[in-house]
Amino acid sequence: MRPERARWLASRAGREALEGLGGDMEGLDPAALAGRLRRAFPAAEAAALGEQLALRRRARERFGELPLALYSAEGLEMMTHPLAARRRAARLAGLGLPAADLTCGLGGDLAALAAAGVEAAGLERDAATALLAGANVRGRVARGDAARPPFALERLAVVIDPGRRAGGRRTFDPAGFLPPWEVCLELLQAARAGALKGPPGLDHAAVPPWCELEAVQIGRDLRELTLWAGAGAEPGLRRAVLLPGEHELDSRAAASEAVAARFGRYLFDPASCVTRAGLVRQLAAALGAWRLDAQVAYLAGDQPARHPLAAGFEVVEVVPFGVKRLREVLRARGWRPTEIRRRAFPVEPDDLRKELGRLEGEPVALVCTTVGGERFAAVCRPLGPERPEGAEGA
């Protein structure tokens, strides 16, 4: 976004114009919306307002809420999910330290910090984004480079979320982040406390031993790996977090080393945050289960168990994998796969569904994996939520 557009949107006139638009405007098709805005505003202002309405709609679709007032396309793409931002802010608030968001973007984390009662300031290198962020968080944003912050970091808790787009394209190389990953680590280590947000696929080799690692999942999507350091952090600790609900598991929990190449009556699929945080053995202990294969995250057990960080299934039949054989079994039993999961398995779920063809009957789940070098498909029924005590026969 150009700074001139951001400046007008952040002005009193721009904010009043945006808030004065009727709620029905977001539902209009682009052509009708543009025509309506142009009849009421000069062309440049109409274009700016139309863009904001489209970005607000996208924000609601992505987050289920509207956490900020003003957006840019790139800023929205990089913005922290409000659930993750609020959880991070609550932890930082518990430290009782002033905070600085060194890469504040549109101000999502900064707004969460302010709502949690933390005295916080933001820094943003892009001129237009800094203007929008200043409007979103009532002026607590300065323009500057996170690599050279104008703050005494040794007194502060910091939040760092390096940019991962160069020339409009996403980069997966930590050296290409902005600031580069090594610079971010130096900033984190220099601060009194802080959180450094990394992408879900960050190589664990990029996590130094003096950091605590947190894998944060929202719904079924793994959103970020967060490194914590300094006050309140436990070096070497690994934690899986599932939001909403604040479900957690960490490396201090008891772990099971049991591995057996046999399917039990029940099968468990760990949440992505568990596997990413390296906590499959801890989850196995919590479920009373064993690993089917030392290289695969699926767990098996002979007793039903439920855990918020695992999907549970009752195994009704295990079929050595072959498309023809599996199709014949499903048709003979009157089973229709409505869910297909896989780990350490070469066939994509959508491709397998097409190869199996049209099937009718009872809905089942297929869990496909490799055990001891052999491929299998387990036909399962999902374990429902635990029934409250006294509900039998209800």
Problem - Condition met for Arg281 (surrounded by 17 or more Cβ atoms within 10 Å (Cβ to Cβ) and among the charged types (D, E, K, R)) - result: yes
Fill in the blank from the handout: Picked from the stretch 195-227 (must be basic (Lys, Arg) and in contact with a strand residue (DSSP E or B) (Cβ under 7 Å, 6 or more places away or on another chain)), the residue surrounded by the most Cβ atoms within 10 Å (Cβ to Cβ) is Lys197
Handout entry: Enumerated strands (runs of 3 or more DSSP E) restricted to the stretch 180-258, each holding at least 3 residues that are out of contact with any Leu (no Cβ under 8 Å at 6 or more places or on another chain) and at pLDDT 95 or above
Key = 221-230
Fill in the blank from the handout: Reported set for the stretch 228-247 where residues are open to solvent by 40 Å² or more (accessible area, probe 1.4 Å) and over 28 Å from Leu153 (Cβ atoms) is Pro244, Gly245, Glu246, His247
Handout entry: Among (1) under 18 Å from the mean Cα position of the chain (by Cα); (2) touching a residue at least 24 places away in the same chain (Cβ under 8 Å); (3) open to solvent by less than 10 Å² (accessible area, probe 1.4 Å), the one test that Ala59 misses
Key = (2)
Practice task
Could you check Arg306 against (1) farther than 27 Å from Leu222 by Cα; (2) assigned to a loop (DSSP other than H, G, I, E, B) and say which number it fails?
Solution key: (1)
Exercise for the section: State whether one or more residues within the stretch 161-177 are without any contact (Cβ under 8 Å) to a residue 24 or more places away in the chain, of a type outside the set (Val, Ile, Thr), in contact with a Phe, Trp or Tyr (Cβ under 8 Å, 6 or more places away or on another chain) and part of a helix (DSSP H, G or I). Expected result: yes
Exercise for the section: Check whether at least one residue in the stretch 112-119 is within 15 Å of Leu132 (Cα to Cα) and either at pLDDT 95 or above or open to solvent by less than 30 Å² (accessible area, probe 1.4 Å) (or both), and report yes or no. Expected result: no
Handout entry: Any pair with Cβ under 6 angstrom, 6 or more apart, that starts in the stretch 359-378 at a residue that is under 12 Å from Val316 (Cα atoms) and ends at one that is among the small types (Gly, Ala, Ser) and at pLDDT 95 or above
Key = Leu366/Ala377; Val367/Ala378
Practice task
With the condition kept exactly as written, say whether any residue in the stretch 67-74 is under 20 Å from Leu132 (Cβ atoms) and surrounded by fewer than 19 Cβ atoms within 10 Å (Cβ to Cβ).
Solution key: yes
Problem - All positions within the stretch 131-141 that are in contact with a strand residue (DSSP E or B) (Cβ under 6 Å, 6 or more places away or on another chain) and surrounded by fewer than 24 Cβ atoms within 10 Å (Cβ to Cβ) - result: Gly134, Arg140
Exercise for the section: Among the residues of the stretch 265-281, count how many are closer than 14 Å to Ser251 by Cβ and part of a loop (DSSP other than H, G, I, E, B). Expected result: 3
Exercise for the section: Take the stretch 83-100 and flag every residue that is touching a residue at least 12 places away in the same chain (Cβ under 8 Å) and open to solvent by 30 Å² or more (accessible area, probe 1.4 Å). Expected result: Leu83, Arg86, Arg87, Ala90, Arg91, Ala93, Gly94, Leu95, Pro98
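The values are calculated or read from the model by the stated rules, or taken from the named source; none is laboratory data. No experiment lies behind these values; they were computed from the predicted model shown. Reconstructed Cβ throughout: ideal geometry from the backbone, glycine too, with neighbour counts over all protein chains shown. Areas reflect the complete protein model, heavy atoms only, side chains present, ligands, DNA and RNA absent. Shrake-Rupley method; radii C 1.70, N 1.55, O 1.52, S 1.80 Å.
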